[in-house]
Amino acid sequence: MTDPKDNVPNEDEPQVEGDATNAEQPEDLIEAEGPDVEVPTDAPAGGATDLSPEDEALLADAARGIAEDKLSTEDRDLVAEMRADMLRAQAELVNFRKRVERDREANREVAIAEVVRALLPALDDLTRAEAHGDLAEGPMQVIGQKIRGGFDKFKLVQIGEKGEAFDPNIHEAIVQLPTPGATGQTVADVVEPGYKLGERVLRAAKVAVAVPA
């Protein structure tokens, strides 16, 4: 005889509904269909895209314009004033850099001019020796060529030639010679040549000037 207690389900045991053989297997699952999305294999991580500087500038201008559209009139005036101050500061910085470069170049020219001016007496001796034929041959000729080549690198130019019109900016008249038939002041003789370094006169040429009699 069967005990009725055997037909009472045990609440402690898990109840299984249905046949275990009817449980869904992984291969029976149906994959949900959706739109195909093609993902580029060379897309950078994080969704970033490579933009040219021009594109980035356009995006920045667009974002700035959208942001300014949301500003009040007072805020727009403040933004415009700040932008004008920034442009003015940039212009001042550019001008400052130009002044620094210009002053640096001017200081360099002054330093070179002072050094060359100090060497002019030696150059005068070299010119006199050459005029007397002392540099025609031998080692002094090579030395003289090297010295003159060094001055040429700094664009040193000799000024003052016989027959040219007298110019007080580059000539120093040490004597005047009344000359019949002369119609103006001309250089009759060069006592000591002058020199220019670029457009800067280092020393005026000492000359004798022919004047109308």
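A few notes on this one:
- Within the stretch 181-213, considering residues that are outside any strand (DSSP E or B) and over 12 Å from residue 157 (Cα atoms), the one most open to solvent (accessible area, probe 1.4 Å): 183
- Those residues of the stretch 118-145 which are among the charged types (D, E, K, R), under 28 Å from residue 199 (Cα atoms) and open to solvent by 80 Å² or more (accessible area, probe 1.4 Å), in sequence order: 125, 128, 130
- In the set 64, 76, 99, only one residue is at pLDDT 85 or above and either surrounded by 10 or more Cβ atoms within 10 Å (Cβ to Cβ) or in a helix (DSSP H, G or I) (or both); that residue is 99.
- Qualifying residues in the stretch 67-118 (those that are touching a residue at least 12 places away in the same chain (Cβ under 8 Å) and among the hydrophobic types (A, V, I, L, M, F, W, C)) - the one nearest to residue 150 (Cα to Cα): 116
- Residue tally, condition within 46 Å of the chain's Cα centre (by Cα) and of a type outside the set (Asp, Glu), over the stretch 164-189: 6
- Condition check for residue 148: touching a residue at least 12 places away in the same chain (Cβ under 8 Å), in contact with a strand residue (DSSP E or B) (Cβ under 7 Å, 6 or more places away or on another chain), surrounded by 11 or more Cβ atoms within 10 Å (Cβ to Cβ) and part of a helix (DSSP H, G or I): no
- Residue match in the stretch 159-171 (condition: touching a strand residue (DSSP E or B) at 6+ places or on another chain (Cβ under 7 Å), acidic (Asp, Glu) and surrounded by fewer than 16 Cβ atoms within 10 Å (Cβ to Cβ)): yes
The values are calculated or read from the model by the stated rules, or taken from the named source; none is laboratory data. If you're wondering where the values come from, they're calculated on a predicted model, not measured in any experiment. So basically every Cβ, Gly included, is an ideal-geometry build from the backbone, and we count neighbours across all protein chains shown. When the accessible area is computed, the model is the full protein with side chains, heavy atoms only, and any ligands, DNA or RNA have been set aside. Shrake-Rupley method; radii C 1.70, N 1.55, O 1.52, S 1.80 Å.
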